[in-house]
Amino acid sequence: MRWHEANPRRRPRSREERPAILVYCGALRTERDYFTGLKRALGRTAVTVEVRGDGKSPKQLVRRAAEFRDQRPGKFTEVWCVVDVDEFDIAAAIAEATRERIHMAVSNPCFELWLLLHHADCRAHCAGYSEVAARLKKYVPTYDKSRLDFTVYAAGVSDAIKRARDLAPPPGEPLRNPSTSVWRLVETIMENAS
């Protein structure tokens, strides 16, 4: 007998009740590989995570995510866009995301900061991708943004969440460098996975 059958207060979630999270990534590979790896590492869970990559600007990415969601009404309980600050107008993307009821996971300066936080703290200003990638390669010498191996990061997910939380600016303050809100999405996926 399964536990949920022995406990009448707990009934298994039906397919329709399972949370479904849509994750749209600004990069074609790195972020997509990370979230696909996270999903695979969690195994069969109570959450469905669909990951899509699109090399668009953050504002265009929000629009694409909203269009994809709207073509599948009721399928997704949450929609997230994962973007880097780079040279983009993040304020416009965040405003668009707010209008569209889409969550943003923004990394300043880049997603590689989130990866670095799996291995080490990072509180000093980062000039850009090249600087963060150089720091990351001290811990992951084989790092290649076109082929991310999630297993290299799996053991450090909890540490990365804690370190990223510590970098988070207070509500209403602009994004600081370095900072990343990717931890919010990862935590949401993990909380819904059980």
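Observations on the structure shown:
- Sorting the segments 18-24, 184-190, 144-150 by their residues' average number of neighbouring beta-carbon atoms within 10 angstrom, most packed first, yields 18-24, 184-190, 144-150.
- Around the Cα centre of segment 11-143, unit charges on the Cβ atoms of Lys, Arg, Asp and Glu (plus for the first two, minus for the last two) sum to a dipole of about 680 debye.
- Centre-to-centre, using Cα atoms only, segment 41-59 and segment 95-172 are separated by 16 Å.
- Between the residues ALA124, VAL83, PRO169, the greatest Cα displacement towards the positive end of the dipole of segment 44-194, with unit charges on the Cβ of Lys, Arg, Asp and Glu, is found for VAL83.
- Under 5 Å between amide hydrogens, built in the peptide plane, is the criterion, and for ALA20 it picks out THR48, THR77, GLU78 among residues at least 5 positions away or on other chains.
- Here the mean projected area of the convex hull built on the C-alpha positions of segment 16-192 is 9.6 nm².
- Rounded to whole Hz, the Karplus (6.51, -1.76, 1.60) HN-Hα couplings of segment 163-168, x for glycine and proline: 5, 5, 4, 5, 8, 4
- Summing Lys and Arg as +1 and Asp and Glu as -1 over all other residues whose Cβ lies under 15 Å from the Cβ of ASP166 gives a net charge of +2.
- Pairwise Lys count, the chain - Cα closer than 29 Å, eight or more residues apart or different chains: 17
Coordinate-derived values only; no laboratory data. In this text the structure is predicted, and so the values were computed from the model without any measurement. Neighbour counts are summed over all protein chains in view; Cβ atoms, including those assigned to glycine, are modelled from backbone coordinates with ideal geometry.
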